[in-house]
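Trainee: Sharing a structure, written as structure tokens. Questions coming.
FYI, it's all coordinate maths here, none of it is from the lab. Computed from a prediction, not measured in an experiment: that's the story for all the values here. Using ideal geometry, Cβ is built from the backbone for each residue, glycine included, and neighbour counts are taken over all protein chains shown.
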Amino acid sequence: MRTKAGEKQKLRATILDKTLVYLKQNGRVGAGTQAMMEQLGLTRGALYSHFKSKDDLFVQAVCADLEQLEASLENRFREQGVRALRSIIEDHLSERSLNDVGASCVFTSLSSDMQRCKAAHRKLFETHVERIFGLFAHALQVHFPRATSAELDARARNLYAGLVGTLTMARTVKDSDRARRILMDGRAHLIECFAPKAS
């Protein structure tokens, strides 16, 4: 029984991971259940044995991604110290993030779809967002030791919004050179504003 339970959890995690990549690339509206399951090599029956509905799958996939993001940020802030914020800004606003939609920021790819979810689901997303803001606010203390808690919270919100907004705008632009300029200018500005102590 334990083996079967373990296999079921592993399959569920695989569905969440692969579905999220598909959703990031196609959007919620463009992601038909049948097409998603065909890409995963599964039947719709397999999907509904793990999730109540397409909406349930979407919400759980996004929340799983946000949980992974929180864990990744915690590790980077702990391991990289004062260099972490600069490193995160550079990674988020890299050409790899620009081009590899399926592996990058869920907010950049799916924020409009997340916005259209019902209130209870948006509340789940908001809980993750607040924790992410908290992680950034804590990391910003190193760079702004005299800032109040309210000021650090505001800086954290502005920093993360800047990361998401810059990448979103760069992806919207058709011309690749202009998109890269948006990334580079945004990256330089955010580093100057939020990670001045990073060498």
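Trainee: Just give me the residues in the range 182-199 being exposed (fewer than 15 other Cβ atoms within 10 Å of the Cβ) and not aliphatic (A, V, I, L, M), in sequence order.
Mentor: ASP185, HIS189, GLU192, CYS193, PRO196, LYS197, SER199, listed by residue number.
Trainee: If you don't mind, there's one more thing I want to ask. Please go through the range 160-181 and give me each residue that is among the hydrophobic types (A, V, I, L, M, F, W, C) and either in contact with a Phe, Trp or Tyr (Cβ under 6 Å, 6 or more places away or on another chain) or surrounded by fewer than 21 Cβ atoms within 10 Å (Cβ to Cβ) (or both), ordered by number.
Mentor: Across the range 160-181, the qualifying residues are ALA161, VAL164, MET169, VAL173, ALA179.
Trainee: Then there's this: From the list LEU23, LEU47, LEU40, exactly one residue is under 19 Å from VAL164 (Cβ atoms) and surrounded by 13 or more Cβ atoms within 10 Å (Cβ to Cβ). Which is it?
Mentor: From the options LEU23, LEU47, LEU40, the qualifying one is LEU23.
Trainee: If you don't mind, another one. Only one residue in SER97, SER109 is surrounded by 14 or more Cβ atoms within 10 Å (Cβ to Cβ) and touching a Ser or Thr at 6+ places or on another chain (Cβ under 6 Å). Which one?
Mentor: SER97
Trainee: What helices (runs of 4 or more DSSP H), lying completely within the range 117-199, carry at least 3 residues that are within 18 Å of LYS24 (Cβ to Cβ) and of a type in the set (Val, Ile, Thr)?
Mentor: The qualifying helices (runs of 4 or more DSSP H) are 149-172.
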